[in-house]
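Enquirer: Below is a structure I'd like to ask you about.
The values are calculated or read from the model by the stated rules, or taken from the named source; none is laboratory data. Since the structure is predicted, the reported quantities are computational estimates derived from the model, not experimental observations. Cβ coordinates were reconstructed from backbone atoms using ideal geometry, including for glycine residues, and neighbour counts include every protein chain displayed. Remember, those area values only see protein heavy atoms, side chains included, never the ligands or the DNA or RNA. Shrake-Rupley method; radii C 1.70, N 1.55, O 1.52, S 1.80 Å.
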Amino acid sequence: MADIATIARPYAEALFASAKPADLTPWAKQLDELARYLENEELLTLANNPKLGADDLAKLVEGLLKSKPDQSVRGFIKLLANNHRLAVLPEIAKQFTAMKNKSEGAAEAIITSAFPVEGAALNDLLAALKKRFGGKELRPTVVINPDLIGGIRVQVGDEVLDGSVKAQLGQMHDRLIA
C-alpha cells in the first residue's frame, strides 16, 4: 500500500489551492477537529465497514463536528468517504496546516516539558526560538511529559532542540560506556 503521506498530499494540496486566504484558518481548525476523531480506532473500523455506505459514513463524520460544517467541508468529507480515504484525514490535516503555516511565514513549535510552560516563561522562550528559527512566527503547542525530568525539548518542522535532563543523562551514559 502507498505511504499515507503520499495518499494525503494531493487532497491537502487541492484543498489548500481551492481555499481562499480568509478560509485557511477555519479549514485548518475543522480538519484538526476531524483528525482527532479519526485517530480513534473504533471510528476507523466503522469507516472500513463495507456494510456502511459512503453517504451514511459522511453524515456520521459530519455529525462529529462541534459546529455545523459548511457546504465545502461536507463535500470534502463526502469525497473522502466515497474514495475510502477517511483514514488519511489526520495526515491531510497535518499537511494542510504545514502549507498554511508556510504561506503565512509561520511554523508549528511542539514544546515538550516536564512541567507546564506558560505566561512570561513561554513568551521568553518563543522570543528566543523566533531568533533561532530566522524570525518565523511560531505557533506553540505545549506538551507535558514528566519523563523528561526537567528542561525542554522543542521540535519545529524536522529540527529538534533537546535540552531535557533525560537527553543529557542519555548523553552522559553514552560517554561513560564508550
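Enquirer: Could you list, in sequence order, all residues of region 1-52 that are open to solvent by 90 Å² or more (accessible area, probe 1.4 Å) and either closer than 14 Å to ALA93 by Cβ or acidic (Asp, Glu) (or both)?
Expert: Within region 1-52, ASP3, ARG9, GLU13, LYS29, ARG36, GLU39, GLU41, GLU42 meet the criteria.
Enquirer: Then there is this: Of the residues GLN71, GLN168, GLN95, which single one is surrounded by 14 or more Cβ atoms within 10 Å (Cβ to Cβ), without any contact (Cβ under 8 Å) to a residue 40 or more places away in the chain and of a type in the set (S, T, N, Q)?
Expert: GLN168
Enquirer: Residue under question is LEU80, and the condition is that it be farther than 23 Å from LYS136 by Cβ, of a type in the set (A, V, I, L, M), over 18 Å from the mean Cα position of the chain (by Cα) and at pLDDT below 90; does it hold? Working first, answer last.
Expert: Numbers: farther than 23 Å from LYS136 by Cβ: yes; of a type in the set (A, V, I, L, M): yes; over 18 Å from the mean Cα position of the chain (by Cα): yes; at pLDDT below 90: no.
Taking the combined requirement at face value, the residue does not satisfy it.
Enquirer: To continue, here is another question. Of the residues that make up region 92-108, is at least one under 17 Å from GLY53 (Cβ atoms) and not basic (Lys, Arg)?
Expert: The answer is no, given that none of the residues of region 92-108 is under 17 Å from GLY53 (Cβ atoms) and not basic (Lys, Arg).
Enquirer: Taking region 145-158, which residues are more than 12 Å from ILE110 (Cβ to Cβ) and either in a loop (DSSP other than H, G, I, E, B) or open to solvent by 50 Å² or more (accessible area, probe 1.4 Å) (or both)?
Expert: Residues satisfying the conditions are PRO146, ASP147, ILE149, GLY150, GLY151.
Enquirer: Which residues, taken from region 105-144, are open to solvent by 50 Å² or more (accessible area, probe 1.4 Å) and part of a loop (DSSP other than H, G, I, E, B)?
Expert: PHE115, PRO116, GLU118, GLY134, LYS136, listed by residue number.
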